[in-house]
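Below is one structure, written out as structure tokens; the observations come after it.
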Amino acid sequence: MDIKRLDCDSNGQDPLVISYQENRGDNCARMGISVPWCIGGLLFACLGAVLFQPDLISGPGKFEDALLNYKEIFYGLVAGTVAAILLSKIVSRKSSTQQECFYGFCAAVFLYGMLYALYLNISVSAGVATAVVCLIYLVSIGFRLLAFGVGWFKSKGVPDDAEMLEWPVYTILVPLYKERNVANSIIQSLNNLDYPRDCLDVKLLLEADDNETLDALEAAHVPDWMEILVVPDAQPRTKPRACNHGLACAKGEYLVIFDAEDKPEPDQLKKAVMRFDELESKNVVCIQASLAYHNFKQNLLTRLFAIEYNMWFTRFQPGLVKLGGPLPLGGTSNHFKISALKEVEGWDPYNVTEDCDLGVRLHAHGYKCDLLDSTTWEEANSRVGNWLRQRSRWIKGYMITHVVWFRHPLRLLFKIGPLGFCRFIMVVSSVGLLAVANPLLWAILLYWAIAVCHDLSLGYSFYELLATRAEIADRWSWPMLYLEKDEDPTWSMVSQVLFTLSCILFAANFLFVLIACIWGSRKGQRGLFWAALLSPFYWVLMSIASWKALWQLIVRPHYWEKTVHGLGDGEGEIPQDLSTETKRIEKKKDDDTDVSKNSDESANSDALEKAEEKSEESPDKDADEDSQNTAADEDESSEDSAEQEGSSEDDEIEEVEEAQDDIDTEESDEDKKSDEASSPDEAQPESNSDSDSSQTPEATDGPEADSSSQ
């Protein structure tokens, strides 16, 4: 077993991480969000508003009048924010903090709206807020529906004479950390790949302190054509850092990443090579294979997770490719041209959703990403706690990607164009924002529904509660339509528009449930329709994970929460009608067997003919030949009996080994359960260094598409 250990530099740091920081500058995710500058932007914006409208601090009598001068206040907020940005450029020359100042400006605008509603007119503030929220949700939902509508994809398969091609060297990176339970599984999956072994450059990436996975690999008997690469013992301890070392040592023309629990279709590498050749003229340097879950039947959570993945990889991502713009990649089964990957300097070692960031960076460099009609089967998280840890990391990575690229929004706009800029906001920026906002809107809707039920119990009609602004005794709800005779025509029109938008957004939730029922299952996967009807409960979990991600974005931006694998009920079942390459390989083996049988039969017939000819030429030798044949038959029968005895002994040994493996598996499961009982998160303590002591990832950066539907 070939093991290669990489060392730190003379300062005890990772040289590739230092190089990436120096080359990327503030486009690296190392800095994260600067909370002090967010507060500074808020204070400067408020100070500007006071300077432009001094009556805001003159006392209660003039305060209300000052709030009505919204133009002067808005100009003051903008002036204060510009001053904060200029100051941040002077103080923080090595890092960009303009984005944090803008967040402070947004907080100041929200504060002004709250004061206006509290002291003057709550209807105006509520109307403006409703209009903004409806507009954001309407655009986001419309974009997703458009992507789902145009999203369909089918590429060419591998021809039967594909073996005649000369295949390029293909590098496979497999980042592993604390994966002793599934180490043997990934070795078996790599062995199943239908690709010439002399054209494979497989690197199993391990952390320096991960002795348990190293022992598991030794027990699994790693083939000679695989190499174990132990990355330097440095920070940050993340998957992209390990992958960058694998990229630096890569020998192939193409590169793919597989996670520990992955089961790619055997012909995926050949399909990728042919797909790259097919898209050579379109400047495509990355193609993403589809991901699916083999243990989707385990419980309700795995079914909902499988539905989300099916919608993302079979409809939404193909729609994004057709609409253009950056493609947020998954964390596994994405195939790259190594030359382009090295040109963009690989992955950001501090980003916990590194492939989403890489998809944006490739697009900013003028490259394109596409899709591959091949499936990699994974293990879906079957426990809520484990799922929340993984999902909060994904959403935090999307938030970090937004923060990194919006440090220079004009530069991003220039690189990817106006349409690409809008698609970036719809696909990346809106994921965390809408998922965080959903619980607030749900709470308002729940309160309004309870208030309406209370008012209906008092004897009022629903229309009266909906369209009457006059005072009603003991009323809890508020009107949504201004239709009275003495109503201002403008406000009446605005109320009707906002009410219509609110109804459309409410109905969109049911539409996305319907989409989950239609496109949430793959061919061969049954039992997902009824689970799709429970999608709103899954949205609640996504919002919980989003709030956790927002908190970690502030306090622990680079912390990688470990996803525990090996929790599924066995290996699960991969639908056979989806494993097209498996069928092709089996058919090919059968054909080869038939050919070999035919050749053996023809050879035997030729031998018999020659024997007959010899017997005709020399009849005197028949007796001798008969005696020799009899002796040969006796020798063959004795050899056959010996072989049967040996095979029976081998079968017994195999049965004993299988029984021992079952015992070892049960013991490992018990150890795992005891470990989980004592330390459920299995997370390392966070370091006090700037980079945060995080864990090497292994899980896929998965879909975040449908959070806005809630």
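The values are calculated or read from the model by the stated rules, or taken from the named source; none is laboratory data. What you see is a predicted model, and the numbers here were worked out from it, not measured in a lab. The accessibility values were calculated without ligands, DNA or RNA, using every heavy atom of the protein model including side chains. Shrake-Rupley method; radii C 1.70, N 1.55, O 1.52, S 1.80 Å.
Points worth noting:
- Excluding ligands, DNA and RNA, the accessible surface per residue across region 166-232 is 34 Å² with a 1.4 Å probe.
- Counting heavy atoms of the protein chains alone, V384 has an accessible area of about 80 Å² for a 1.4 Å probe.
- Normalised contact order of region 159-313, rounded percent, pairs of Cα under 8 Å and 6 or more residues apart: 30 percent
- For region 546-562, 3J(HN,Hα) per residue [Karplus equation, 6.51 cos²θ - 1.76 cosθ + 1.60, θ = phi - 60°, Hz, x = Gly/Pro]: 5, 5, 5, 5, 5, 5, 5, 4, 7, 9, 9, x, 9, 6, 10, 7, 5
- Hz values of 3J(HN,Hα) by residue in region 353-361 - Karplus curve (6.51, -1.76, 1.60), Gly and Pro given as x: 10, 5, 7, 5, 5, 5, x, 5, 5
- Taking each residue as 0.36 nm, the span from A340 to A126 lengthens on full extension beyond its C-alpha to C-alpha distance by 72.1 nm.
- Too-long pairs where the Cα-Cα distance tops 19 Å, listed order kept, from K270/K322; K368/K415; K297/K562: K270/K322; K297/K562
- What region 390-522 shows is 51 Å² of accessible area per residue, with the surface traced by a 1.4 Å probe over protein heavy atoms.
- Sequentially through region 487-495, phi angles give Karplus couplings (6.51, -1.76, 1.60; θ = phi - 60°) of 7, 5, x, 5, 5, 5, 5, 4, 5 Hz, Gly and Pro residues having no value and appearing as x.
- Measuring against 29 Å, Cα to Cα, the residue pairs K263/K342; K251/K396; K4/K342 contain K251/K396 as the ones spanning a longer distance.
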